[in-house]
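The values are calculated or read from the model by the stated rules, or taken from the named source; none is laboratory data. Owing to the predicted nature of the structure, the values given are computational and were not obtained by experimental measurement. Cβ placement follows ideal geometry from the backbone for every residue including glycine, while neighbour counts extend to all protein chains displayed.
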Amino acid sequence: MQSMDAEADMQGETPTEKIVCPNCKSEGPRSQYCLNCGYPLNMVERRQPGPEVEDDGMKAASDVRAEPPRDVMEGRGDAELPELEMGEPAEAPVGAAESAAFLEVDPIVKGAMVDLMKSISLRLWLVDMLLEGRIEEDHFNRLFDANMARLKLCMGRRNELLEQARDLEPIERALNESKVALAELEMKRAIGDISEGEYRAKLPALRWDIDKHEDEIAKKKREAVLLEDLTRVMSLGKIARMREMAGSCREALRAPARSLGKSCRISSETAAKVKASLKETLACLEDLRCI
């Protein structure tokens, strides 16, 4: 059986090469990421063994640092999300963009919006069934009351997630602090206040922090866009059907509760509940940019 050193030689690597992680200061074998803290070691400049040579401190920073790969591409913050899986063949939503960045939205956020869409659709369907006389009042009330509890829960969860997504101040503050620290490091190097070795050791960690904060801000902005617009998780067919049912509901709202009760053969209490619920549901759809 070949030794690990022999296998490393066959792959063109130096089996004894070690590197000190600039983030956690632990020593380990050279790899893409630090085995202790996960820091991307591919940003650390590979050096040949030998005494360190300092220059005059005025070399451009681009000559000594390697840009880390960026998973989130700039300029795509307003793109549309692809259709979410809902157990049936998906139609393309309005303006869907095939962007890997948008597929990285937190599954909890996606799930919350899908649940909200289902709950609103069910409420509109129940009212539509009642208006057409295809469901008995007692049966309607049982289903409708259960739906009211579910919709309230879904809306509360959506509002909570939206508030979290809009809270960018702590991350933006941390990003600004990292940028100031990087500018200070560049200035100290330019005036010869630090050695080239110290500059190269500190630079990757600062740039990693900046990229991390920028990616987190971009992610939160994508999530806020999704949470503000329900049509981004709906196919064209679902949008059309929801708007059709919402139109029927608007017509029902124009009629007095007593007239609605007579036309649907329901009690005045149920008619009043339906009208109040329809008003709330239509306001919710307008807030979510569906109508």
For Glu228: the one exception among (1) crowded, with 17+ Cβ neighbours inside 10 Å; (2) more than 27 Å from Leu131 (Cβ to Cβ); (3) in contact (Cβ under 8 Å) with a residue 60 or more places away in the chain: (1)
Number of the condition not met by Glu223 [criteria: (1) without any contact (Cβ under 8 Å) to a residue 60 or more places away in the chain; (2) closer than 30 Å to Glu177 by Cβ]: (1)
Matching entry among Arg173, Arg142, Arg134 (being in the same structural domain as Leu278 (by TED's automatic domain parsing) and assigned to a loop (DSSP other than H, G, I, E, B)): Arg134
Failed condition for Val233, given (1) within 17 Å of the chain's Cα centre (by Cα); (2) at pLDDT 85 or above: (2)
Selected residue (criterion: surrounded by the most Cβ atoms within 10 Å (Cβ to Cβ)) from residues of the range 176-216 that are part of a helix (DSSP H, G or I), over 34 Å from the mean Cα position of the chain (by Cα) and of a type in the set (Gly, Ala, Ser): Ala190
Flag if Gly237 is small (Gly, Ala, Ser), in a helix (DSSP H, G or I) and within 30 Å of Ser277 (Cα to Cα): yes
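Evaluate the following for Lys110: is it among the basic types (Lys, Arg), farther than 30 Å from Arg265 by Cα, surrounded by 14 or more Cβ atoms within 10 Å (Cβ to Cβ) and modelled with pLDDT of 95 or more?
Against the criterion (among the basic types (Lys, Arg), farther than 30 Å from Arg265 by Cα, surrounded by 14 or more Cβ atoms within 10 Å (Cβ to Cβ) and modelled with pLDDT of 95 or more), Lys110 does not qualify.
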